[in-house]
Structure formats: C-alpha cells, structure tokens
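Scroll down for the structure; my scribbles are underneath it.
The values are calculated or read from the model by the stated rules, or taken from the named source; none is laboratory data. Remember, predicted model here, so these are calculated numbers, not experimental data. Cβ placement follows ideal geometry from the backbone for every residue including glycine, while neighbour counts extend to all protein chains displayed. When the accessible area is computed, the model is the full protein with side chains, heavy atoms only, and any ligands, DNA or RNA have been set aside. Shrake-Rupley method; radii C 1.70, N 1.55, O 1.52, S 1.80 Å.
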Amino acid sequence: MNGKHKWLRISVVLCLVFTIIWLVLMIVSLLKTGPIDSFEKAVSLVKNPNVIFDLSYINAVFVTITTTMFFTILYLYCKTRDPELSLMSFVFVPVYCIFNLFVYYSQVTILPRIVSQMNTSGFPEMYKIMLGQFIQVWPHSGVAIINGFAYGILGIPSIIFGNLLMKGRRLTAIGGLLLLLNGVACIVGSIGYVMNNEILTAGSVIGGVLYLLSLIVILMAICRNEM
C-alpha cells in the first residue's frame with residue numbers, strides 16, 4: 001500500500017469514527033429532547049444544555065476536520081484520473097470547512113455568551129433576536145442556513161469525486177455512487193433551507209447517512225486493494 005492509499009485509509013477510518021458518533025448522539029438527543037419544532041423549545045434547550053448537546057458540537061467540529069482531510073486525500077487520489085475536474089471540485093472543500101467550523105464552534109462558545117447576556121443585560125429582547133439567529137438546532141436561524149449551505153457546497157465535490165470513483169472497480173464504484181447520492185441529498189437539503197421546506201431540509205440528514213455508508217464501502221475497497 002503506497003502513501004496515498006495509507007492516508008486515504010486513515011482519513012476514512014477517522015471520518016467513520018466521528019460520523020458514527022454523530023449519528024449516535026443525534027439519535028440519543030432526539031430520544032431525550034424530541035424534535036425541536038418551536039423557537040421556545042430551542043431556547044429552552046440552549047438555556048439548559050445537557051452533556052449530549054456539548055458533546056454533539058465538539059464531535060461535529062471533528063467531523064468537519066476529518067471530512068476535510070478525507071476530501072483532500074480523495075482529491076490527490078482522483079487527480080490522476082482527471083486533474084482539472086478534481087481541482088475544480090476541491091476548491092469548494094475549504095469553503096465547507098470554514099462555514100461549518102464557524103457554525104459548530106459558535107454553539108459552544110458564542111451561544112452560551114448570548115444566553116448569559118440575555119439573562120443579565122438590560123436589553124433582553126435584543127439578545128433574544130440574536131439568539132434566534134445563532135441556535136443551529138432551530139431550522140429558521142441564520143447559522144442553520146449557513147450549515148445547510150455548507151453541506152450543499154460540499155455536495156459539489158461529493159458528486160464529482162463520486163462520479164470519478166464510479167469508474168473504478170466494483171466496491172470503489174459502489175462507494176462512489178453512495179458519495180454521489182450523498183452530494184445530491186445535501187444539495188437538496190440546502191435548497192430546502194432556502195425555501196424553508198422541512199421535507200427538503202431532511203436531505204441533509206439523509207446525505208449524512210449516505211456519507212457514512214460510502215465511507216464503509218470505500219474502506220472495504222481499500223482493504224481489498226480495489227482502489
């Protein structure tokens with residue numbers, strides 16, 4: 001196994017670990033708090049955050065970092081097949097990384113400070129408005145839209161790299177197809193945020209599951225020397 005395949009395997013394993021943790025924490029959070037279907041419920045959650053809330057966003061930071069690593073190594077792998085298309089795809093990856101790091105990091109840094117100021121400041125309504133734009137679990141907030149847009153942006157290289165992987169051997173092609181479908185689902189989710197359509201926004205979650213499956217298949221392809 002050459003260095004490129006070694007680092008591809010390492011990045012896939014890291015992505016798998018943190019993405020599985022993301023899925024588990026999301027399920028636990030839904031079971032514990034239920035769906036966030038009102039602004040009041042979202043505010044109540046961030047006013048009294050539990051351990052799951054903090055762990056979810058700390059883990060989300062690592063998901064973003066390891067995903068950026070994975071797509072960087074994937075670019076190095078795919079550029080031997082189509083260097084121009086691979087480079088054109090890769091330029092979207094740093095945009096995704098910056099946007100998502102801001103969104104997730106803000107939930108454990110900026111958001112608690114806004115909550116604190118709302119409780120002690122003489123202008124609670126102003127801080128309540130700010131809170132409404134910074135709660136990521138509230139789908140109508142500004143950071144939720146940025147988060148959805150970030151995954152929509154990542155959908156572009158997912159589709160292109162997935163298409164390039166589909167030209168490979170059987171498992172590689174299946175992994176590429178799942179990655180491509182993940183990209184389509186994330187773009188649909190991003191459109192859903194713009195249109196304020198809850199059905200379409202579910203594409204982001206579906207994309208996350210497809211991404212997880214693509215990582216599993218790609219890891220299998222690496223272990224079987226099909227890449």
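Residue separation times 0.36 nm, minus the C-alpha to C-alpha distance between N48 and L76: what's the value?
The span from N48 to L76 would gain 5.7 nm if fully extended.
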Please report the carbon-and-sulfur percent of the accessible area for the chain; probe 1.4 Å, protein heavy atoms only, DNA, RNA and ligands left out. 71
Against the longest alpha carbon principal axis of the chain, how many degrees, from 0 to 90 and to the nearest 10, is the axis of helix 51-78 turned? 30
In Å², and per residue, what accessible area does the chain have when probed at 1.4 Å with the other protein chains present? 49
Please give, to one decimal in nm, the separation of the simple spin-label points placed at L23 and M220, each 7 Å out from Cα toward the Cβ. 1.3
Could you give the nm distance between label points at R113 and V13, where each point is 7 Å from its Cα heading toward the beta carbon? 3.8
Relative to the longest principal Cα axis of the chain, at what angle does helix 3-33 sit, 0 to 90 degrees, rounded to 10? 30
Helix 110-120 vs. the chain, principal-axis angle (Cα, 0 to 90°, nearest 10): 0
Just add up the charged neighbours of L177: K/R +1, D/E -1, any other residue whose Cβ is under 12 Å from the Cβ of L177. +2
Separation between the K167 and I65 pseudo-spin-labels, each 7 Å from Cα along Cα→Cβ, expressed in nm? 3.4
Could you give the length gained by full extension between L213 and E125, i.e. 0.36 nm per residue of separation minus their alpha carbon distance, to one decimal place? 27.3 nm
Beyond 22 Å, what percent of the Cα pairs of region 1-141 remain? 50
Please list, by residue number, every one of the trypsin sites (Lys or Arg not before Pro) in region 133-227 that is coil in DSSP and has at most 15 other beta-carbon atoms within 10 Å. K167, R169, R224
